[in-house]
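Here the structure comes first, spelled out in structure tokens, and everything after it is commentary.
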Amino acid sequence: MVAARNRAFLGLGGNIGDPARAMAAALRELDASAETRVVGVSALYRTPPWGKRDQPDFLNAVAAVETGLRPRDLLTFCLDIERELKRERRERWGPRPIDIDILFFGDERVAEEGLEIPHPRMLERAFVLVPLAEIAPGLVVDGRTVAEHLERIDASGIDRITPDSGWWLEKG
């Protein structure tokens, strides 16, 4: 029996090493899985650090995936990919080569140890909303579309650095 497919949105970022390469590798691994397919990817954005500001700028993107995994299993898969790409969790909001967050998982709401969906702080973060609005501007969160939420926050300092969403398909 084939598991039902859900659409999930993932936030990706990183700011040390080669984060664009790490994010592309993560997306290719997600797409190669029998349980998960990448169905949409934003352009790549250069964004100022958030939370801990004395570190290099980040690169950020958002991806839409169709998955047969349950939320906890998708999180485990994403954390495994982060570890393969040399992510070490040392300090909150600190430098990292890759970070993958589940922003949404269908219409589900999850509040478990280590997993909260929708992502609890995404509406405060332009580095999430800018790429999310690119691929899902009409997605409704807390009674407003992503595009409407984006209009309410400061998105200065965020620069689109790829012309389209194909950046992750190029191996290198």
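Give the residue, chosen from Leu103, Leu69, that is over 16 Å from the mean Cα position of the chain (by Cα), at pLDDT 80 or above and not polar (S, T, N, Q).
Leu69
Those residues that are of a type in the set (A, V, I, L, M, F, W, C) and farther than 19 Å from Ala64 by Cβ, I need them from the stretch 137-158; list them, please.
Ile153, Ala155, Ile158
Among the residues of the stretch 117-147, count how many are surrounded by 15 or more Cβ atoms within 10 Å (Cβ to Cβ) and either at pLDDT 90 or above or under 14 Å from the mean Cα position of the chain (by Cα) (or both).
So the answer is 21.
Hand me the list of strands (runs of 3 or more DSSP E) wholly inside the stretch 55-172 holding 3 or more residues that are of a type in the set (Val, Ile, Thr). I'd like the intermediate steps shown before the answer.
Numbers: elements: 58-67, 99-105, 110-112, 115-117.
Those strands (runs of 3 or more DSSP E) span 58-67.
Answer yes or no as to whether Thr47 is touching a strand residue (DSSP E or B) at 6+ places or on another chain (Cβ under 6 Å), of a type in the set (Ser, Thr, Tyr) and either under 28 Å from Glu112 (Cα atoms) or surrounded by fewer than 16 Cβ atoms within 10 Å (Cβ to Cβ) (or both).
Numbers: touching a strand residue (DSSP E or B) at 6+ places or on another chain (Cβ under 6 Å): yes; of a type in the set (Ser, Thr, Tyr): yes; either under 28 Å from Glu112 (Cα atoms) or surrounded by fewer than 16 Cβ atoms within 10 Å (Cβ to Cβ) (or both): no.
No; evaluated as a whole, the condition is false for this residue.
Restricting to the stretch 150-169, and then to whatever is polar (S, T, N, Q) and within 18 Å of the chain's Cα centre (by Cα), can you tell me which residue is farthest from Arg28 (Cα to Cα)? I'd like the intermediate steps shown before the answer.
First pass over the stretch 150-169, keeping only residues polar (S, T, N, Q): 156, 162, 165.
Cutting the leftovers down to within 18 Å of the chain's Cα centre (by Cα) gives us 162, 165.
Values: Thr162: 17, Ser165: 13 Å.
Applying the filter and picking the extreme gives Thr162.
Out of everything in the stretch 1-52 that is assigned to a loop (DSSP other than H, G, I, E, B) and of a type in the set (Asp, Glu), what residue ends up being modelled with the lowest pLDDT?
Asp18
The values are calculated or read from the model by the stated rules, or taken from the named source; none is laboratory data. What you see is a predicted model, and the numbers here were worked out from it, not measured in a lab. Counting neighbours? That spans all protein chains shown, and the Cβs are built from the backbone with ideal geometry, glycine included.
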